[in-house]
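The values are calculated or read from the model by the stated rules, or taken from the named source; none is laboratory data. Here the structure is a predicted model, which is why all the values come from computation and not from measurement. Reconstructed Cβ throughout: ideal geometry from the backbone, glycine too, with neighbour counts over all protein chains shown. Just the protein is used for accessible areas: all its heavy atoms, side chains included, with ligands, DNA and RNA removed. Shrake-Rupley method; radii C 1.70, N 1.55, O 1.52, S 1.80 Å.
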Amino acid sequence: MRPRGLGVYERTAASGRELTALRVRDVDAVRRRLAVNENAVRVGADIHVGTPKTHERRSVPYPEFLDDAIAELCAGKTRNQLLFHDGDDYFGRPRSSEYSRSWFKTALEEAALERMTIHDLRHTAASLAISSGANVKAVQRMLGHASAAMTLDVNADLFDDDLDTVSVSLNAARSAAIAR
């Protein structure tokens, strides 16, 4: 049995709550940043809008290849309208027969992707960022974690190729030292 009330709020994926609350005004297309200022969560039939989990606002970078998709989401909307919806209504509205499936589950099926949660995407983003060489402290800030250790322990899964990279990097460092 799932906990009710604030328990549900505390156990939902932070990225899902924050993603749901993003507004057009939160997009900085020049710097390619999303400002995480609010979250929105459904508790029973009500939507609760508040500050992020730690009450810390933060900036989340996004890659250039998302420019067109984000611009399309912003097109024709006012600054206060929700980014991931066509109006002022949250995706987390109470379900009815017309909206019996979650928007995320529907999007996964339309994209022919396996079942996952929005929080799984958060883990993947952290893992890919760290694996591609991003500064762990920067990833910590992006995720809103209190420490880099938490980021590494909780959200950054090790890719098998990362082990190979360790030996390749050590070999390159040795070769560079010998060449001097």
*asked:* With in a loop (DSSP other than H, G, I, E, B) and within 23 Å of Pro52 (Cα to Cα) as the only criterion, which of Ala126, Ala146 stands out?
replied: Ala146
*asked:* For Arg25, only one of the following conditions fails: (1) outside any strand (DSSP E or B); (2) touching a Leu at 6+ places or on another chain (Cβ under 6 Å). What is its number?
replied: (2)
*Return only the number of the condition from (1) within 16 Å of the chain's Cα centre (by Cα); (2) under 22 Å from Asp120 (Cβ atoms); (3) modelled with pLDDT of 90 or more that Leu73 does not satisfy.*
(1)
_Residue among Val30, Val36 that alone is open to solvent by 90 Å² or more (accessible area, probe 1.4 Å), of a type in the set (A, V, I, L, M) and at pLDDT 75 or above_ = Val30
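Can you work out which of the residues in the stretch 39-69 that are assigned to a strand (DSSP E or B) and small (Gly, Ala, Ser) is surrounded by the most Cβ atoms within 10 Å (Cβ to Cβ)?
Within the stretch 39-69, the subset assigned to a strand (DSSP E or B) is 39-43, 46-50, 58-61.
Then keep just the ones that are small (Gly, Ala, Ser); that gives 40, 50, 59.
On the way: Ala40: 19, Gly50: 13, Ser59: 14.
Residue satisfying both the conditions and the ranking: Ala40.
Give Leu170, Leu121, Leu108, Leu128 a once-over and let me know the one that is under 18 Å from Leu34 (Cβ atoms) and without any contact (Cβ under 8 Å) to a residue 12 or more places away in the chain.
Working: Leu170 fails: under 18 Å from Leu34 (Cβ atoms); Leu121 fails: without any contact (Cβ under 8 Å) to a residue 12 or more places away in the chain; Leu108 fails: under 18 Å from Leu34 (Cβ atoms).
Sole residue among the options that is under 18 Å from Leu34 (Cβ atoms) and without any contact (Cβ under 8 Å) to a residue 12 or more places away in the chain: Leu128.
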